[in-house]
Amino acid sequence: MNTQVCAIDEKSLRRAKEIIVSGGVVAFPTETVYGLGADARSDEAVASVYAIKGRPSDNPLIVHVHREFDLDRLVYDEAPYAAKLRRAFLPGPLTLVYRSRGNVCLRVSCGLDTLAVRVPSHEGAQRFLRAVDMPIAAPSANISKHISPVSAQHVYEDLRGKIPLILDGGRCSGGIESTVCDVTGEYPVVLRTGLVSAEMIAAVAGRCEIYTPKGGEQVRSPGMKYKHYAPRCKTKLFAADKLAEASAAFSELHAAGKRVYALCEDEVRGAFPARYVLDLGGSEREMAANLYELLHEGEKAADVIIAVKPRKEDGIMAGVINRLTKACAEEGDET
Ligand code: TXA
Ligand code: MG
């Protein structure tokens with residue numbers, strides 16, 4: 001299959017709609033990462049999203065809608081605090097998990113009675129979703145377990161030949177996936193940290209917890225149990241207070257002739273030779289925006305990436321550190 005990469009205009013949107021209406025898939029930009037979209041009401045279309053990505057069949061998908069779409073068509077029982085969150089943060093990088101009305105196919109939620117809904121703020125995403133005017137099930141547009149794509153080029157590298165169209169909306173400004181927040185209970189519970197932090201949610205809803213699975217319990221956000229976001233080179237992750245060890249490990253690998261790069265925040269870049277630094281930046285938003293871009297760059301240039309955890313761990317950094325840790329997890333780690 002020939003994969004076209006097109007700027008978002010009337011012509012490419014017409015083509016995108018044709019593909020989606022006939023049960024196909026289209027990659028599109030959002031403010032977080034690129035998504036691989038299909039008609040959420042079509043079992044076959046959704047099945048092909050899982051097949052293209054090689055995604056485990058027990059990991060549910062998020063449904064994306066445009067800002068005028070009536071959410072009552074998809075979900076019900078919105079708690080007052082959930083309505084407040086929706087008004088405060090949507091459109092934007094917050095996915096809300098509600099009780100499902102069952103108006104999308106079962107495969108989207110993998111048989112759960114809940115549905116994850118997202119209204120992206122990216123103008124290109126809004127144009128695509130308005131053009132098709134239907135709920136679009138979309139995971140990140142990467143091969144399962146690889147780094148999520150933050151540019152059309154990243155999507156192309158993973159899915160070339162497997163999908164007909166990539167809508168190119170430039171580099172994603174957010175850089176890590178949306179916060180996933182369960183709003184079916186008495187108070188919000190964050191299932192996946194992201195750009196809308198638990199602190200921001202608590203400020204609006206009065207309370208917010210971050211879910212951590214306890215031993216033996218069924219995981220509430222199935223996607224969180226898998227190793228994820230991994231570059232195709234070796235990675236070694238060091239705690240923020242182990243900079244000296246990270247620097248020594250870098251030197252040893254470098255001396256052994258390995259292509260080694262250091263991924264770290266601005267503050268500590270001096271611990272490594274400048275030309276081998278993948279600099280995450282200084283602010284929380286910069287670090288989120290740069291993380292996947294640098295992992296993509298790093299896997300092309302390096303045999304090994306030495307990563308140093310940024311020191312700040314709360315707010316948006318909870319999401320950044322979660323993704324960095326998963327990128328550096330050993331195969332088979334189930335956390
Ligand atoms: O920013 C994003 O959310 C991107 C863009 C494309 O919108 N999408 C994305 O999708 O990251 P994906 O499939 O890579 O991750 C979806 C996450 C998974 O962790 C999954 O387990 C969780 O959302 N999820 C989906 N439906 C759920 C549900 N009904 N209950 C709990 N978790 C759910
Ligand atoms: Mg993903």
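No lab work stands behind these numbers, since they all come straight from the coordinates. All values derive from a computational prediction rather than experimental measurement. Using ideal geometry, Cβ is built from the backbone for each residue, glycine included, and neighbour counts are taken over all protein chains shown.
Kirkwood hydrodynamic radius, computed over distinct alpha-carbon pairs, for the stretch 286-335: how many Å, to one decimal?
One decimal place: 11.8 Å for the Kirkwood radius.
What does the convex hull of the Cα atoms of the stretch 4-210 come to per residue, in Å³, rounded to a whole number?
Expressed per residue, the convex hull around the Cα atoms of the stretch 4-210 is 102 Å³.
Using a 10 Å cut-off on Cβ atoms, rank the peptides 247-253, 6-12 from the highest mean neighbour count down.
247-253, 6-12
Could you tell me the relative contact order of the stretch 234-328? Use alpha-carbon pairs under 8 Å, at least six residues apart, and round to a whole percent.
39 percent.
What pairs from Lys84/Lys214; Lys258/Lys326; Lys145/Lys234; Lys17/Lys326 go past 25 Å between their alpha carbons?
From the list (Lys84/Lys214; Lys258/Lys326; Lys145/Lys234; Lys17/Lys326), the Cα-Cα distance tops 25 Å for Lys84/Lys214; Lys17/Lys326.
On a 0 to 90 degree scale, rounded to 10, what angle separates helix 123-132 from the longest Cα axis of the chain?
Value to nearest ten degrees: 30.
Which stretch or stretches of the stretch 298-324 have amide N atoms under 16 Å from the point lying 7 Å from Lys236's Cα along the Cα→Cβ direction?
302-309
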